[in-house]
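Down below is the structure, laid out as structure tokens.
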Amino acid sequence: MPINPAHAGRSYPPTAPYAVGVEKIREFAAAIGDKNPAYRDPDAARALGHPDVIAPPTFAFLLTFAASRQVIEDPELAIDYSRVVHGEQRFVYSRPVRAGDQLTTTVSLDTIKSAGGHDMLTTRSEVTDQSGEHVVTALSTLVVRGPDGEH
């Protein structure tokens, strides 16, 4: 059954603050194979004008994926997560994520549309720091595949 497009525009409560740590950034950079010294060495980050190590651009996915669980688990949407495929991801930064940040994410369901028997949801996750300053907006498209036999 298609997801009701009337649910578009819905916003969810902000997440609890996420404390960004130096080791978490280093582990993430190692996991994606990025050897940029600004992701590991505070002196290298300071040489670029940052107060501490910065995170790779895709680090924000950790925060926004957790926040988007609110959309997936919304009982009114009735999404079968086993049918969800991540279609697209984009980040728009005001500044890099930095060690020491306390980041809060607020997710909104921007659009819902159906095509070819599948539903496509676009979510927007706004990430702010401890002072309320914008850090990054993540835009994500999720595809909820239709039931078998519907194409």
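The values are calculated or read from the model by the stated rules, or taken from the named source; none is laboratory data. Everything quoted here is computed from the prediction, not taken from an experiment. Neighbour counts are summed over all protein chains in view; Cβ atoms, including those assigned to glycine, are modelled from backbone coordinates with ideal geometry.
Could you go through the range 111-119 and let me know if any residue there is surrounded by 12 or more Cβ atoms within 10 Å (Cβ to Cβ), out of contact with any helix residue (DSSP H, G or I) (no Cβ under 9 Å at 6 or more places or on another chain) and modelled with pLDDT of 95 or more.
no
For a quick check of your reading: which strands (runs of 3 or more DSSP E) sit entirely within the range 43-151 and have at least 1 residues that are of a type in the set (D, E, K, R)? Spell out the reasoning first.
Numbers: elements: 84-93, 102-115, 118-128, 134-144.
Those strands (runs of 3 or more DSSP E) span 84-93, 102-115, 118-128.
Return yes when Ala60 is surrounded by 15 or more Cβ atoms within 10 Å (Cβ to Cβ), on the phi < 0 side of the Ramachandran plot, out of contact with any Cys (no Cβ under 7 Å at 6 or more places or on another chain) and among the small types (Gly, Ala, Ser) and no when it is not. I'd like the intermediate steps shown before the answer.
Details: surrounded by 15 or more Cβ atoms within 10 Å (Cβ to Cβ): yes; on the phi < 0 side of the Ramachandran plot: yes; out of contact with any Cys (no Cβ under 7 Å at 6 or more places or on another chain): yes; among the small types (Gly, Ala, Ser): yes.
Judged against the criteria, Ala60 is a match.
So, in the range 24-57, of the ones that are farther than 16 Å from Ala99 by Cα and charged (D, E, K, R), which residue ends up surrounded by the most Cβ atoms within 10 Å (Cβ to Cβ)?
To start, the set of residues in the range 24-57 that are farther than 16 Å from Ala99 by Cα comprises 31-35.
With charged (D, E, K, R) added as a condition, the list becomes 34-35.
Details: Asp34: 14, Lys35: 8.
So, considering only residues that are farther than 16 Å from Ala99 by Cα and charged (D, E, K, R), the one surrounded by the most Cβ atoms within 10 Å (Cβ to Cβ) is Asp34.
If you take the residues of the range 127-146 that are charged (D, E, K, R) and surrounded by fewer than 19 Cβ atoms within 10 Å (Cβ to Cβ), which of them is nearest to Asp80 (Cα to Cα)? Can you show your working first?
Within the range 127-146, the first condition is being charged (D, E, K, R), and the residues that meet it are 129, 133, 145.
Then drop every residue that is not surrounded by fewer than 19 Cβ atoms within 10 Å (Cβ to Cβ), which leaves 133, 145.
Working: Glu133: 35, Arg145: 9 Å.
Filtering the range 127-146 for residues that are charged (D, E, K, R) and surrounded by fewer than 19 Cβ atoms within 10 Å (Cβ to Cβ), the one nearest to Asp80 (Cα to Cα) comes out as Arg145.
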